[in-house]
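Worksheet: one structure, shown below.
Just so it is clear, none of the values below were taken in a lab; they were calculated from the coordinates. Computed from a prediction, not measured in an experiment: that's the story for all the values here. In this analysis, Cβ positions are derived from the backbone assuming ideal geometry, glycine residues included, and neighbour counts consider all displayed protein chains.
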Amino acid sequence: NRYAIAIHGGAGTLSKGMLTEDQENEVHAALRQAVMAGKQILAQGGTSLDAVEAAVRELENSEWFNAGKGSVYNYDGDHELDASIMDGATLKAGAVAGVRNSPNPVSVARAVMNKSEHVLLAGEGADRFARAMGLPQVENSWFGTPMRHSQWRQAQDKAQPSLEPGAEDYKFG
Amino acid sequence: TVGAVAIDQAGNLAAATSTGGMTNKKYGRVGDSPLIGCGAYADNRSCAVSTTGHGEYFIRHVVAHEVCARYRYLGESLQQCAQQVLFEELQPRGGEGGLIAIDHTGAVTLNFNTEGMYRGWSESDGEIFTGIY
């Protein structure tokens, strides 16, 4: 009756010293909390689907990671979120792209998997589906944080992308 | 981007990924996270995978499914599959990022070809590990 769980909170170029020691400790604590959320479910004989959803929800709820609360800003200063989930036993899967009002996109993805005949819903339709399923809704501005806003300002200042399609679009992330 | 993979006591695998996307993205740009087979994949016959990184590369290389396919058809270890995709396929083409995976035996691997990946893991009755760099 073994079990195991692994999580990630994003990968990239972490220049040394980007985080203070206190901030690093906060990140480690948030990672531990997410692992624990999934581990508790597995230890009690719960399913791997419930475990990965619980762990990802913890990470979405933490401002330290680019998902859910603390998501980055798009070119227009808004937030568009994506998520997916998949069950290895049945190959059932659910996903959403470009949702704007669901605090936990991974749970909307799971609703797509369990309560629709689709795999991927995108944009306004995905938000409408989340509301139809009675899932919590927030204002789009709820996702913003000072840390991400300053990253967005940096990205905007560095790049003066033309609005012409195909113009070199500065991406930061 | 965040993600999780798990194997439960019944031996079933699952994967999930969630993201806010890329800072300053426009035109409705979507990366690999919501694309099954790219940002997440789970199959009890092989492994569960969740990825993070430069989405366009992870889409072109169908990374999550590529790891599962290598495992299933080449008989490589989970670690070998992950290393091969991240360092032999992606890195030479500029694809930066990482992935976490668990196979149907419960083996865990966390790999990244960048300076760091926020990660954590734990096995039955084992302690909890976390890492940043």
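By how many degrees, between 0 and 90 and to the nearest 10, does the Cα long axis of helix B:63-74 differ from the longest principal axis of chain B?
Compared with the principal axis, the helix lies near 40 degrees.
Among the DSSP beta bridges whose two residues both lie in chain A, what percent are antiparallel, rounded to the nearest 5?
Among the beta bridges of chain A, antiparallel pairing accounts for roughly 60 percent.
Using only C-alpha positions, report the orientation-averaged shadow area of the convex hull of segment B:57-99, nm², one decimal.
For segment B:57-99, averaging the hull's shadow over all directions gives 2.6 nm².
Work from the charge dipole of chain A (Cβ charges, +1 for Lys and Arg, -1 for Asp and Glu, about the Cα centre) and give the residue of A:T47, A:W142, A:W152 farthest towards its positive end.
Result: A:T47, furthest along the dipole toward the positive end.
R0 = 35 Å: FRET efficiency of A:A132 with B:K26, Cβ-based, nearest 0.05?
Taking R0 as 35 Å, the efficiency between A:A132 and B:K26 is 0.80.
Test of the criteria: in segment B:33-119, which trypsin sites (Lys or Arg not before Pro) are in a DSSP loop and have at most 16 other Cβ atoms within 10 angstrom of their Cβ?
For trypsin sites (Lys or Arg not before Pro) across segment B:33-119 that sit outside H, G, I, E and B with at most 16 neighbouring Cβ atoms in 10 Å, the list reads B:R45.
Only bridges whose two residues both fall in the protein assembly as shown count here: according to DSSP, what percent of them are antiparallel, nearest 5?
Within the protein assembly as shown, antiparallel bridges account for around 90 percent of the total.
Using Cα-only point scatterers and the Debye equation, what is log10 of I(q)/I(0) for segment B:1-92 at each q in 0.13, 0.14, 0.15, 0.24 Å⁻¹, rounded to two decimals?
Ignoring solvent entirely, the Cα scatterers give -0.42, -0.49, -0.55, -1.21.
Let me know the charge dipole size of the protein assembly as shown about its Cα centre in debye, to the nearest 20, where only the beta-carbon of Lys, Arg (+1) and Asp, Glu (-1) is charged.
Dipole about the Cα centre, nearest 20: 380 debye.
Report the label-to-label distance for B:A10 and B:E88 in nanometres (one decimal), using points 7 Å from each Cα along the Cα→Cβ vector.
3.6
Efficiency by 1/(1 + (r/R0)^6): what FRET value for B:D125 and A:K115, r their Cβ-Cβ distance, R0 = 51 Å, to the nearest 0.05?
Calculated value: 0.90.
Anything over 26 Å Cα to Cα? Flag those among A:K39/A:K69; A:K92/B:K26; A:K39/A:K92; A:K39/B:K26, in the order listed.
Going by Cα-Cα distance, A:K92/B:K26; A:K39/B:K26 fall outside the 26 Å limit.
At what distance in nm do the modelled label points of B:Y133 and A:Q44 sit from each other, each positioned 7 Å from its Cα along Cα→Cβ?
3.9
Calculate the dipole size of chain B relative to its Cα centre from +1 charges on Lys and Arg beta carbons and -1 charges on Asp and Glu beta carbons; express the result in debye to the nearest 20.
560
Quick check: pseudo-label points 7 Å beyond the Cα along Cα→Cβ at A:K92 and B:R72, how many nm apart are they?
So the two model labels end up 1.9 nm from each other.
Spelling out what I want: for every residue of segment A:107-118, take phi, set θ = phi - 60°, compute 6.51 cos²θ - 1.76 cosθ + 1.60 (Karplus), and round to whole Hz; glycine and proline get x.
6, 5, 4, 5, 5, 4, 5, 8, 10, 9, 8, 9
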